[in-house]
1. Given that compact globular proteins tend to follow 2.2 N^0.38 Å, what is the ratio of the alpha-carbon Rg of region B:111-240 to that value?
2. Counting GluC sites (Glu not before Pro) as exposed when in a DSSP loop with at most 15 other beta carbons within 10 Å, what is the longest stretch of chain B free of them?
3. Just to confirm the numbers: B:Gly54, label point 7 angstrom along the Cα-Cβ line, distances to the other copies in nm, shortest first?
4. Remind me, relative contact order of chain B in percent, using alpha carbon pairs under 8 angstrom and six or more residues apart?
5. Highest GNM mean-square fluctuation, chain A, Cα pairs closer than 10 Å: which of A:Gly90, A:Gly43, A:Gly142?
6. When the C-alpha atoms of region A:8-65 are aligned to their principal axes, what extent does each axis show, in angstrom, from largest down?
7. Under a 10 Å cutoff between Cα atoms, tell me which one of B:Ile103, B:Ile28, B:Ile230 has the largest fluctuation in the Gaussian network model of chain B.
8. Placing a label point 7 Å from Cα toward Cβ, how far apart in nm is A:Ser140 from its equivalents in the other copies, listed shortest first to one decimal?
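Values quoted throughout were computed directly from the atomic coordinates according to the rules given, and no laboratory measurement underlies them. In this text, all values refer to a predicted model and were calculated from it rather than measured experimentally. Using ideal geometry, Cβ is built from the backbone for each residue, glycine included, and neighbour counts are taken over all protein chains shown.
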2 protein chains.
Amino acid sequence: MAKEVVPEAARKRRKPTKAGVVLSEQLIVETAMRLLQQSGREGLTVRRLGAALGADPSSLYRYFRGADDLTLAIADELIGRAMRGWEATGDWRADLRELGMRIHSAYLAHPQAAVLTASRVSGRANEIDADEVILGVLRSAGLPDREVVRIYHAFIDQTLAFAVLDAAGLALPPAARAADEAVWHATYARLPAETHPNIAATVPLLVARMNNSAYPTALDMLLDNAAAAIARARAADPGA
Amino acid sequence: MAKEVVPEAARKRRKPTKAGVVLSEQLIVETAMRLLQQSGREGLTVRRLGAALGADPSSLYRYFRGADDLTLAIADELIGRAMRGWEATGDWRADLRELGMRIHSAYLAHPQAAVLTASRVSGRANEIDADEVILGVLRSAGLPDREVVRIYHAFIDQTLAFAVLDAAGLALPPAARAADEAVWHATYARLPAETHPNIAATVPLLVARMNNSAYPTALDMLLDNAAAAIARARAADPGA
DNA sequence: CAGCTTATGCCAACGCCATTGACATGGTTG
DNA sequence: CAACCATGTCAATGGCGTTGGCATAAGCTG
């Protein structure tokens, strides 16, 4: 097999596979995401990906160094989809809120991919561009870099943390997901009030609320905090 | 192999393995967590767990239905460790803060285990007890159940979300972790100011801040929000 | 203590998996 | 048009989770 993967841009000879498919990094990533969505994390194996593409599994090693490299490419594609079509309005708060909600939504749209790539740093183009954009929004609001970085850090961590947590609930393999849901009805809902009075008293409310995300609320809390920091910065240096 | 796993409490015949070890659910879970800590997620396989215990891999299926069942047991042990020794002080805010920090710390102490068990609902004893305790703290503060559940939901999701995100950074296999860190120095730190001015301007600050958790700040935001809700409830119904 | 039952651990085997090296083939280039 | 070599394929390796059948000894019964 190849020692080195040829960068996508340098590919010249596009040779169709036996099944007549012309491979590309893009096609492989898209197919991998489709497999993830269809059959969950367990559904994505090199062999099955090869089969789904109509190519020998070992062909994929011409495009990715290994499974981990493919994972990073999927991570970058997720961020890319979140950012696609976004444009700054000039209102930092609206922009940041929109960015947060877009990332959250993009992850929830592909929960298995989101969990698979949780907290990886791909260093690929889309990820870098997103970071550049977020930092730019905060810096344009007139914050000193120290505060920019504090809020950037909280923003990106909180967004990814909720995105992954919310995605994880959707991403469980059907069996595990069914088991987890059954726990609520079979275990929690049947706890006697004598031993677990607080759960017993609130179980209907708990069940009703469990499927919503707390992210929007948390995001607004963070934006309030950022607004206060901006007001402070303006008061300290009105010329800025 | 056994159709059904014998519950730990019902075990009578404790037969040592060839290597002289007497198995138990507790011993297996502890050994699994040790393997996770030593060699990461890839280090925990049924075969290696058997070897580490001095038992045939298939013996473990007498204690757990499969790998997923073992995962849930690890999840429950993690929560159990977070709660061990905790006692209510009667001050809801201090209690809730302490609970959040304990869960966060317990996860960070076993990052690989934290990631492995991310967002699973075990329904086992320790998890149920923790939920009962948290709900109890909020209800004792004089909130109506509707608000209790709203804040409980945000609290537990935010805590687990940050715990898992922060743990994930520590939990990467050494190779991947090294790769991710290298990205910061090899890729981000070298981006030219012409194309990525905002990253270039803030990179030293970013690198310095990256290793801290934003969880304590986010937790305090949530506690502020809860305090406001409690004040509202008291104003609306002074008799409560 | 003797004998029985059966829980428990062990063995061998199955069909997956990721990854690799050697080889075949056909696109591109000169 | 011919040669090169990037790309796809094949076959093999070693590891994985899981299972069925079997041996053995723990604890019960008398």
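1. Values: Rg = 20.6 Å, N = 130, 2.2 N^0.38 = 14.0 Å.
Here the Cα radius of gyration is 1.47 times the empirical estimate.
2. Working: sites that count: B:Glu4, B:Glu87, B:Glu194.
That would be B:88-193.
3. B:Gly54 label point versus its equivalents elsewhere: 5.8 nm.
4. Working: 235 pairs, mean separation 45.5, N = 240.
It comes to 19 percent, rounded to a whole number.
5. A:Gly90
6. Result for region A:8-65: principal-axis Cα extents of 34, 23, 16 Å.
7. B:Ile230
8. Label point to label point, same position, other copies: 5.0 nm.
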